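Structure record follows, encoded as structure tokens.
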Amino acid sequence: MKTISYMQAINEALLEEMERDGSSVYFGEDVATMSGAFGATAGLLDRFGPDRVFDTPIAEATIAGAALGMALAGLTPITEFSFADFVGIAFDEIYNKLGKWNWMHGCCFKIPVTIRLPVGVMAGAGPEHSQSPQALFMHSQGLKVVVPSNAYDAKGLLKTAIRDPNPVLYFEHKVLYGMPGEVPEEEYTIPFGQAEVKREGSDVTIIATSLQVHTALAAAGMLAGEGIEAEVIDPRTLIPLDKETILASVRKTGRVVITHEEQKTGGTGAELAAILAEEAFFDLAAPIKRVGSADTPIPQSIFLEQEFKPNEEKLMSAVREVMQY
Amino acid sequence: MAEVVKRDIDPARYDKDFLLRLYREMVKQRAFDENLIRLLHEGKVSGFYHSGIGQEATGAGTCASLRDDDYILYDHRGCNQMIAKGVPLDKIYGDFMGRLCGTTCGLGAGIVHVAYPEKGVLGQSGTLGACFVIAAGAGYAVKVKKTDQVCVCYFGDGTAARETFHGGMNWAGLYNLPIVFYCENNEYGISTHYTKAHALKNNIADRADGYGIPGYVIDGNDVLLVYEVAKEAIERARSGGGPSFIEGKTFRYRGHFEGDPALYRDQAVVEEWMEKRDAIKNYRARLIAAGAAAEEDFAAVDAEVEKEILDAIAAAEASPMPECTRIYEGLFVEGVV
């Protein structure tokens, strides 16, 4: 094993997969000469040249639509938006086109498009550069939704995304970029639809995604001091979703708290909660609790943005509440 | 500014087989369309239909210079173009009737969502205008693959006002992509005349100049002119010369959709186009005047086309409907790239 950052894990996955697939191209805003808004594409231009790695105009609808066109014409397009919030600019191309194109045209194509989408509150980026819009696409059809929470998952899932013949939205949290983690020296991939138990526990299940996995692990450590053993489950991919691992944990503990940085209302946790209510209602000893961000736009103030999002305190409080039952 | 191309083309410069091929393509499209409208009235067609009657010169004239491996993104009156590109008629009727023999294997399609990769037909979206950016991607793929394929992107004057028009044209010019943008200016985007939807100096094609793309304005109902100007643009794209923009002036005879009485148009103008500027009628007269073909040549083609159409309809009607479970098939492709 070696220790690299989440960002390096993304970079390694891109380098390895573009080496492996000569039809792959990487393009987007400032990705070639500047290595992307956060530096994840360093070395791609030198390695693969300006036809396969190129800077585009700052125009996301064109980037997403062109990715579809490239896929229809036989390439493996990999792209990114500088911030996931920009899906709003390309919503038609992602929601109506990328995900549905193959199905609505009779399933005669492969659409191996990967879009990297940096999410999350960080450093006062403000209401249009900090959001986590995953839920919009959990509701769409034909898109896979990936939410890696550490370097190991980031690399293995990105490699799987690039090899997938379907469009994949890869949501990466900006706060995680610098976080170190262990990855194998040798090649590996992680199949979609396999949740991981990040911490075992018997009293309560915390389902957490992206950066909130780390909040949940920190909270679980502190709750252990209070005699509460929390199990932390990271779905890792929301489409496809590993219901079995989640249901098995909830059936074991009988209590569940779902946490994500998305706003609470209509977040991906709402769907998870509904699944649990449908399929595990009689296994539950307590009501399902959700800990999401405030149902407000995201403030630009670095002080107020901390209030906006969930933290260990809020999560521990929710866990203590379900433990009352 | 776009070049307004006017040529008095002598049909005798072309051989008779070629001239009759263009004629056949146009009458096939019109017969397809007229029969589809009949089937619609008989209650056999799902969804809406946007007739392309009156605009047949576009597909016939442009596709004559395309190979099977060239790509097209057809437009909202696009049966004309997909027929000219070679999508089998029974498959298109099958899509309209929701039959298994259709390109969508029973899901249903009609104009939009017909795709046929073996003839380079990449499909079309129900929300128009994605064609510009999808064409940009397909054109970029040709550049990376280093083939000499060409992509033709068809759209109407209404769609030319979409935001994606800029994005696609910008990529095409910036990366010198092998794309021919063909604007079928039939004057109306639904009910709105194009002069009420576009801030224009003269023509929509003038915009190409700002992207460094050569622009041409032509009589889009003169199939030989469409053929010649498109051929030049396609050959330029194929040989690395980059994109072109052609605006063909044409007119749709029917409403925006079947059932639209089109009260927003002056009926005298409609009749003027149908009587004096009809692509098929004028082409026949011109070939006869030039001695390039005779009435019996056209009659023979008409009879063959009618049989081809009726056979295709019969084949589509003989094809079964899908099982209800069809909707659950194919959302995700299995395996890896």
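The values are calculated or read from the model by the stated rules, or taken from the named source; none is laboratory data. These numbers come from a predicted model, not from an experiment. Cβ placement follows ideal geometry from the backbone for every residue including glycine, while neighbour counts extend to all protein chains displayed. Areas reflect the complete protein model, heavy atoms only, side chains present, ligands, DNA and RNA absent. Shrake-Rupley method; radii C 1.70, N 1.55, O 1.52, S 1.80 Å.
Here's the yes/no breakdown for (1) open to solvent by 50 Å² or more (accessible area, probe 1.4 Å); (2) within 19 Å of B:G248 (Cα to Cα); (3) in a helix (DSSP H, G or I); (4) not hydroxyl-bearing (S, T, Y):
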site: B:T58; (1), (2), (3), (4): no, yes, yes, no
site: B:M82; (1), (2), (3), (4): no, yes, yes, yes
site: B:V87; (1), (2), (3), (4): no, no, no, yes
site: B:Y93; (1), (2), (3), (4): no, no, yes, no
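Could you tell me whether B:I309 is touching a residue at least 40 places away in the same chain (Cβ under 8 Å), assigned to a helix (DSSP H, G or I) and open to solvent by 70 Å² or more (accessible area, probe 1.4 Å)? Taking the combined requirement at face value, the residue does not satisfy it.
Inside the stretch B:316-337, residues that are surrounded by 15 or more Cβ atoms within 10 Å (Cβ to Cβ), in contact with a Lys or Arg (Cβ under 9 Å, 6 or more places away or on another chain) and in contact (Cβ under 8 Å) with a residue 24 or more places away in the chain make up a count of 4.
Answer with yes or no whether A:G65 is in contact (Cβ under 8 Å) with a residue 12 or more places away in the chain, within 7 Å of chain B (Cβ to nearest Cβ) and either on the phi > 0 side of the Ramachandran plot or not in a helix (DSSP H, G or I) (or both).
no
Every residue, every condition in (1) crowded, with 24+ Cβ neighbours inside 10 Å; (2) more than 18 Å from A:T114 (Cβ to Cβ), yes or no:
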position: A:L15; (1), (2): no, no
position: A:G22; (1), (2): no, no
position: A:M34; (1), (2): no, yes
position: A:T41; (1), (2): yes, no
position: A:I63; (1), (2): yes, no
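Reported count of residues in the stretch B:180-203, each being in contact with a helix residue (DSSP H, G or I) (Cβ under 8 Å, 6 or more places away or on another chain) and either surrounded by fewer than 18 Cβ atoms within 10 Å (Cβ to Cβ) or not in a strand (DSSP E or B) (or both), is 5.
When A:G74 is tested against (1) out of contact with any strand residue (DSSP E or B) (no Cβ under 6 Å at 6 or more places or on another chain); (2) open to solvent by 10 Å² or more (accessible area, probe 1.4 Å); (3) more than 8 Å from every other protein chain (Cβ to nearest Cβ); (4) over 17 Å from A:I115 (Cβ atoms), just one condition goes unmet, and that condition is (3). Residue pairs whose Cβ atoms lie under 7 Å apart, sitting 6 or more positions apart in sequence or on different chains, and linking a residue in the stretch A:284-309 that is more than 16 Å from A:G120 (Cβ to Cβ) to a partner that is part of a loop (DSSP other than H, G, I, E, B) and charged (D, E, K, R), are A:A285/A:R255; A:A286/A:R255; A:R290/A:K264; A:D295/A:K264. Taken over the stretch A:77-96, the criterion of being open to solvent by 10 Å² or more (accessible area, probe 1.4 Å) and at the interface with chain B (Cβ under 7 Å from one of its Cβ atoms) is satisfied by A:D92, A:N96. Residues in the stretch A:214-236 that are open to solvent by 10 Å² or more (accessible area, probe 1.4 Å), closer than 22 Å to A:Y6 by Cα, in contact with a strand residue (DSSP E or B) (Cβ under 9 Å, 6 or more places away or on another chain) and assigned to a helix (DSSP H, G or I): A:H214, A:T215, A:L217.
When the residues of the stretch B:274-300 are narrowed to those that are without any contact (Cβ under 8 Å) to a residue 24 or more places away in the chain and more than 16 Å from B:A31 (Cα to Cα), which ends up least open to solvent (accessible area, probe 1.4 Å)? Here the answer is B:A294. Residue pairs whose Cβ atoms lie under 9 Å apart, separated by 6 or more positions or on different chains, with the first residue in the stretch B:85-96 and within 14 Å of B:Q29 (Cβ to Cβ) and the second among the acidic types (D, E) and modelled with pLDDT of 95 or more, are B:K85/B:D68; B:K85/B:D70; B:G86/B:D68; B:G86/B:E118; B:L89/B:E308; B:L89/B:D311; B:Y93/B:E317. Per the listing B:R13, B:R38, the residue uniquely open to solvent by 20 Å² or more (accessible area, probe 1.4 Å) and under 21 Å from B:Y283 (Cα atoms) is B:R13. All conditions in (1) within 14 Å of chain B (Cβ to nearest Cβ); (2) aliphatic (A, V, I, L, M); (3) within 26 Å of A:N96 (Cα to Cα) hold for A:V31, with the sole exception of (1). The residues on offer are A:P118, A:P127, and the sole one that is at pLDDT 95 or above, more than 27 Å from B:R326 (Cα to Cα), away from every other protein chain (no Cβ under 14 Å) and surrounded by fewer than 19 Cβ atoms within 10 Å (Cβ to Cβ) is A:P127. When the stretch A:1-45 is filtered for residues that are aromatic (F, W, Y) and touching a residue at least 60 places away in the same chain (Cβ under 8 Å), the ones remaining, listed by number, are A:Y6, A:F38. Evaluated against (1) of a type in the set (S, T, N, Q); (2) within 18 Å of A:E312 (Cβ to Cβ); (3) touching a helix residue (DSSP H, G or I) at 6+ places or on another chain (Cβ under 6 Å), A:T189 falls short on exactly one condition, (2). Among the residues of the stretch A:198-254, those identified as of a type in the set (A, V, I, L, M) and without any contact (Cβ under 8 Å) to a residue 24 or more places away in the chain are A:L217, A:A220, A:A224, A:A248. Of the residues in the stretch B:133-143, not one is more than 7 Å from chain A (Cβ to nearest Cβ), buried (at least 24 other Cβ atoms within 10 Å of the Cβ), in contact with a helix residue (DSSP H, G or I) (Cβ under 7 Å, 6 or more places away or on another chain) and of a type in the set (F, W, Y). Only a single item in (1) surrounded by fewer than 24 Cβ atoms within 10 Å (Cβ to Cβ); (2) more than 7 Å from chain A (Cβ to nearest Cβ); (3) not in a loop (DSSP other than H, G, I, E, B) is not met by B:G108, and it is number (3).
Please verify whether B:R265 is assigned to a loop (DSSP other than H, G, I, E, B), of a type outside the set (G, A, S), open to solvent by less than 20 Å² (accessible area, probe 1.4 Å) and modelled with pLDDT of 95 or more, treating the condition exactly as stated. No. Every test in (1) more than 8 Å from chain A (Cβ to nearest Cβ); (2) open to solvent by less than 10 Å² (accessible area, probe 1.4 Å); (3) closer than 23 Å to B:H76 by Cα; (4) in contact with a helix residue (DSSP H, G or I) (Cβ under 6 Å, 6 or more places away or on another chain) is passed by B:L177 save one, and that test is (3). Selection over the stretch B:153-167 of residues that are assigned to a helix (DSSP H, G or I) and away from chain A (no Cβ under 14 Å) gives a count of 2.
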